[in-house]
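Remarks on the structure that follows.
FYI, it's all coordinate maths here, none of it is from the lab. Values in this document were obtained by computation on a predicted structure and should not be read as measured data. Every residue, glycine as well, gets a Cβ built from its backbone with ideal geometry; the counts of neighbours run over all protein chains shown.
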Amino acid sequence: MNTTLGTTTRLLTAALRALLVLTILCGVIYPLTVMGIGQGLFNHQANGSEITANGKVVGSELIGQRYDLPLKDGQETPDPDLKWFQPRPSNGLGTNSVNTQYQLILSGATNRAGDNAELIQWVKDAKAAVIKDNSVDGYTVKPSDVPPDAVTSSGSGLDPAISPQYADIQVHRIAKLNNLDVTAVQKLVDDHTDGRILGFIGEPRVNVLKLNIGLKALETK
């Protein structure tokens, strides 16, 4: 009986010591080490890849934003504010206490197959809108000019970037509506175009929020 009690006591003591050591290692030392490395070497990424303008946080490099006009009476979907560069079509639009542009828990892809009739109609309608919105005096967008990202959402539905091709076809509209020189707006797009990561990963892209911050600065010059 005493032997059994002694063995049980030793096992419980060993288990408690292991619990204490693992709690300190995994619950204190490891998290603090990872946090220290993140804050020290990757501070920007560790804090949400925040984008600031005029000293204020205006968004993240990782989450797209909409640029829409206020809803009119009877409207369910707002019209785009065409004075700004427009992002990809997005899912997850809504309101919440953290981000008034998106209901993040509802973001995602359309989950429609490529031959789905509803998806095909969405793409046709989006393409027609892109052509109409971006065709201005002296510049007409052809159907072949419209890239896929202008009419389809990303897998997350919250893509912060567009292709250089989509940014390019918006240049003339932006210049006209903001009384800016086309060359200056095109240079703005070129300056905000990021190449492939490490030269071969992904595709060239333009962060829409950064581009519109640059546009606002261009307007005030």
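Just checking the listed ones, LEU22, LEU11, LEU119: in the Gaussian network model of the chain with Cα springs under 10 Å, the one fluctuating most is LEU11.
What distance in nm separates the simple spin-label points at VAL21 and ASN111, each placed 7 Å from Cα in the Cβ direction? That separation, rounded to one decimal, is 4.7 nm.
Look at (1) 7, 24, 29, 16, 8, 6, 5, 3, 1, 0; (2) 8, 33, 37, 18, 4, 0; (3) 8, 31, 34, 19, 7, 1: the one that is P(r) over Cα pairs in 10 Å bins from 0, in percent derived from this structure is (1). Remark: the THR77-LEU62 segment gains 3.0 nm on full extension, using 0.36 nm per residue and subtracting the alpha carbon distance. Which residue, ARG66, ARG17, ARG196, has the most motion in a Gaussian network model of the chain that connects Cα atoms within less than 10 Å? Sorting by GNM fluctuation, first place goes to ARG17. Residues considered: GLY195, GLY59, GLY36. Largest GNM mean-square fluctuation over the chain, using C-alpha springs under 10 Å, is found at GLY36.
Does anyone have the angle between helix 30-41 and the longest principal axis of the chain? Alpha-carbon axes, 0 to 90°, nearest 10? Between the helix axis and the principal axis of the chain, the angle is about 30 degrees. Packing here is the average count of other Cβ atoms within 10 Å per residue, and on that basis the peptides 146-152, 39-45, highest first, run 146-152, 39-45.
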